[in-house]
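First the structure, in the form of structure tokens, and then the observations on it.
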Amino acid sequence: MKSKLDVLLTDTKTTITFHNNQGTITILNSDDPDLEKAHAAVYLFIKERTVVGIGKTFLKDRIQKESFDKVMLITPPWEVEVDYLEQLLAAEANENIQEAADQAKIPANYEKAISEYKDQIVFVLAGFGYSFKPKEKNIKEKAKPAKARHKWTKEVSQIEFFIDTRESKATVLWIKRNEMLLKAGATMMAQPPLNKDGSLGFAAKMGQRIREDHQAQIKDFVTTEDILLKSVNEVGLFLYFGGTNTWLELVDASGKTLDEWTIVT
């Protein structure tokens, strides 16, 4: 295998560009302000040149700050779906990301092309000294419990779950694999929590952005219409700016959590 690349190095980032408009890889420090912008990319969280986390959005509340030192943005060409590329890269890293169980199967007519593109990414990153697997000698000391995986079912889609935490009260249904229904009348935390220095954290900023997308459906921090959100995480960010495990906060009428209903064992 071989890849033709253009590489641009600056004091703060490395940009690797594939020839023939085949996408880019951008390597940034974990505190780079450019990460606050929205990118149509797959994010790879890096610690000591090894991939330790994968996602389609940059949410620092998902992963402890000290557990990664760089972030890579994999921006594929238009014909490569970001969702499908994320799945294959996650499988390469053996990373149990939270959304993995909820994603659709890659269509057969896309699978070969996306798999080949994934192989190019892995090949190029290996050439720059980055790995999707920890070094053998460090596997035992770095081993951590796998993140919980959850599976949507039709049975679960019929159940109302309730949140009553952090100044928020709401009724929620998980109606589709990537669709949460937040019923009208939900009460939201009015003000986001601040960092010790008085600044907004990343979770608070993301929560504010989601609220801005639905500002026409909110009055006095109460939702006036049913709202569709993309994930359990988004529900928590929208209602109370995250800060707790929403899978455990969502409970049915008998007190059984959404986590208990859907966790894959």
inquiry  = Using protein chains only and a probe of 1.4 angstrom, how many square angstrom of residue 110 are accessible, to the nearest 10?
reply    = 90 Å²
note = Note: region 222-264, point scatterers on Cα, Debye, no solvent; log10 I/I(0) at q = 0.21 Å⁻¹ equals -0.77
Surrounding net charge for residue 77, when Lys and Arg each add one and Asp and Glu each subtract one, Cβ distance under 14 Å = -2
message = Using protein chains only and a probe of 1.4 angstrom, how many square angstrom of residue 73 are accessible, to the nearest 10?
response = 10 Å²
request  = Keeping all protein chains in place, calculate the accessible area per residue for region 152-265 (probe 1.4 angstrom), answer in Å².
outcome  = 54 Å²
request  = Distance check, please: which entries in 154/256; 2/47; 169/230 exceed 21 angstrom between their Cα atoms?
outcome  = 2/47
request  = Would you check the accessible area of residue 152, probe 1.4 Å, heavy atoms only, in square angstrom rounded to 10?
outcome  = 40 Å²
remark   = Scoring only Lys, Arg, Asp and Glu (+1, +1, -1, -1) among other residues with Cβ under 13 Å from the Cβ of residue 121 yields -3
query = What base-10 log of the normalised intensity I(q)/I(0) is obtained for region 163-229 from the Debye formula, alpha carbons as equal point scatterers, at q = 0.17, 0.19, 0.20 Å⁻¹?
reply = -0.66, -0.80, -0.88
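The values are calculated or read from the model by the stated rules, or taken from the named source; none is laboratory data. Predicted, not measured: the structure shown is a model, and the values here were computed from it. Counting neighbours? That spans all protein chains shown, and the Cβs are built from the backbone with ideal geometry, glycine included. Ligands, DNA and RNA are stripped out before the accessible areas are found, and what is left, the full protein with its side chains, is counted by its heavy atoms. Shrake-Rupley method; radii C 1.70, N 1.55, O 1.52, S 1.80 Å.
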